[in-house]
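Coordinate-derived values only; no laboratory data. Given the structure is predicted, the values throughout are model-derived calculations rather than measurements. Positions of Cβ are generated from backbone atoms using ideal geometry, with glycine treated the same way; all protein chains shown enter the neighbour counts.
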């Protein structure tokens with residue numbers, strides 16, 4: 001059976017910015033506990049007291065890793081794009097031919113971003 005502590009720790013581990021803020025000791029545990037309460041209650045399937053969540057937050061000890069700035073610089077540029085639309089197609093006998101036609105249609109257009117991925 002899952003405990004409140006493990007539930008809270010799982011939630012935090014899936015939110016890297018929150019994990020970092022707790023590691024830097026800049027989080028109001030009372031406010032965070034109120035914010036996490038509905039999600040914890042949903043996972044626990046029972047009412048949970050805010051004090052229990054606060055205690056679970058205090059028990060949480062995130063890994064304090066020293067950031068190597070040189071390795072961050074080596075990552076390169078980060079490009080953010082907006083206005084992107086995603087399409088998903090069912091696998092069919094004609095999908096490869098149609099993918100080829102789509103690539104031909106956009107190959108000479110500037111400012112067009114096309115990403116194709118498959119999971120065969």
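Could you work out the relative contact order of region 4-59, using alpha carbon pairs under 8 angstrom and six or more residues apart, expressed as a whole percent? List each step's numbers first, then the result.
Details: 43 pairs, mean separation 28.8, N = 56.
Worked out over region 4-59, it gives 51 percent.
Using mean projected area of the Cα convex hull in nm² as the read-out, say which of (1) 10.6; (2) 13.1; (3) 11.2 was calculated from these coordinates.
Among (1) 10.6; (2) 13.1; (3) 11.2, the one derived from this structure is (2).
Between residue 87 and residue 99, 0.36 nm times their residue separation minus their Cα-Cα distance comes to what?
On the way: separation 12, 0.36 × 12 = 4.32 nm, distance 1.20 nm.
In short, 3.1 nm is gained.
If packing is taken as the average count of other Cβ atoms within 10 Å, what order do 17-29, 45-57, 73-85 fall into, highest mean first? Write down the numbers at each step before the final one.
Working: 17-29: 13.1, 45-57: 15.4, 73-85: 5.8.
Peptide ranking by packing, descending: 45-57, 17-29, 73-85.
Specify the angular offset, from 0 to 90 degrees and rounded to the nearest 10, of the alpha carbon long axis of helix 95-106 from the longest principal axis of the alpha carbons in the chain.
Result, in degrees: 80.
So what is the relative contact order of the chain, in percent, for Cα pairs below 8 Å that sit 6 or more residues apart?
Working: 54 pairs, mean separation 30.8, N = 120.
Across the chain, relative contact order equals 26 percent.
What 222 nm value per residue comes from the helices of the chain, counting each DSSP H run with n ≥ 4 as -39,500 (n - 2.57) and dividing by all residues, nearest 500 deg cm²/dmol? Display every interim value, and only then the final one.
Values: 6 runs with 61 residues, N = 120.
Theoretical 222 nm ellipticity from helices: -15000 deg cm²/dmol.
With a 10 Å Cβ neighbour count serving as the proxy for reagent exposure, in which order, fewest first, do 113, 87 appear? Each step should come with its number before you reach the end.
Values: 113 9, 87 5.
Lowest count first: 87, 113.
Residue 10 versus residue 30, label points 7 Å from Cα toward the beta carbon: distance in nm?
Output for this residue pair reads 2.9 nm.
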